[in-house]
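Reading through the structure tokens given below for one structure.
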Amino acid sequence: MLTPSSRSHNSALEYLAVLMSGVTIDDRRQRDRTAQRLLITLTARTIAEREGWAAVTTRRLSTEIEYSQPVIYKHFSSLDDLVEAVALDGFDELAAALESARSDSAADVQLAAVALAYLDYAAEHPALYDAMFTRSTSLRFGTDETPPPLAAAYAQLRAAIDSVSDPRDPETLTEVLWSALHGLVALSRAGRLRAGREAERVELLARSLQP
């Protein structure tokens, strides 16, 4: 139990402030740790989107946010661990974007709407997409340990497939849809596809997945 008499004047004032606010010191420390972690991930993402993942180093992060490198390592044991945290945020955002596209569309065009939303998200967040799908992480789909953000993103693609009422295996169709979309992202980013034809390609893809 913390007592003011056992601490310096400043600590006593902190103790009293916490008592008055109804928040324990442990709660506030946890809140501070959460805020630190969020700032680190947001800064890493900003640097990566602007300059690429090669520019994201603990030294650079330390300079940008004025945390010592040991503080950064207290939250993330390695840069791969940090990339994984950024990727999880990306899957949360992707799931929300796909859900919005699906819920705002009529049933007969949900599949195409979700596909376009996927391509738009990848185009708008290239470094984040790399963290989610091309950089090495321990994140895995289709297992008991699959993190909720990954499962949520997959669920939106599966829901889009369900909207076409195809008698074929929906899990396989969802995997085909995801594979096709990822291929379109990769080829577009490499300059291998004609510009401005995304909607046409998505329409053909959606029709090919319908019964």
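The values are calculated or read from the model by the stated rules, or taken from the named source; none is laboratory data. Small disclaimer: the values here were computed from a predicted structure and weren't measured. Counting neighbours? That spans all protein chains shown, and the Cβs are built from the backbone with ideal geometry, glycine included.
Here are some notes:
- The conditions of being under 24 Å from Asp130 (Cβ atoms), of a type in the set (Gly, Ala, Ser) and at pLDDT 60 or above are met by Ala48.
- Among the residues listed as Val71, Val83, Val56, the single one being among the β-branched types (Val, Ile, Thr) and either modelled with pLDDT under 80 or under 30 Å from Leu157 (Cα atoms) (or both): Val83
- Arg33 being part of a helix (DSSP H, G or I) and either surrounded by fewer than 17 Cβ atoms within 10 Å (Cβ to Cβ) or aromatic (Phe, Trp, Tyr) (or both): yes
- Annotation: Leu82 fulfils all but one of (1) touching a residue at least 60 places away in the same chain (Cβ under 8 Å); (2) closer than 26 Å to Leu38 by Cβ; the unmet one is (1).
- Members of segment 46-93 found to be out of contact with any Lys or Arg (no Cβ under 6 Å at 6 or more places or on another chain) and of a type in the set (Val, Ile, Thr), listed by number: Thr46, Ile47, Val56, Thr57, Thr58, Thr63, Ile65, Val71, Ile72
- Close pairs (8 angstrom Cβ cut-off, 6 or more residues apart or separate chains): within 22 Å of Ser105 (Cβ to Cβ) in segment 147-158, among the β-branched types (Val, Ile, Thr) and crowded, with 21+ Cβ neighbours inside 10 Å anywhere: Gln156/Val114; Leu157/Val114
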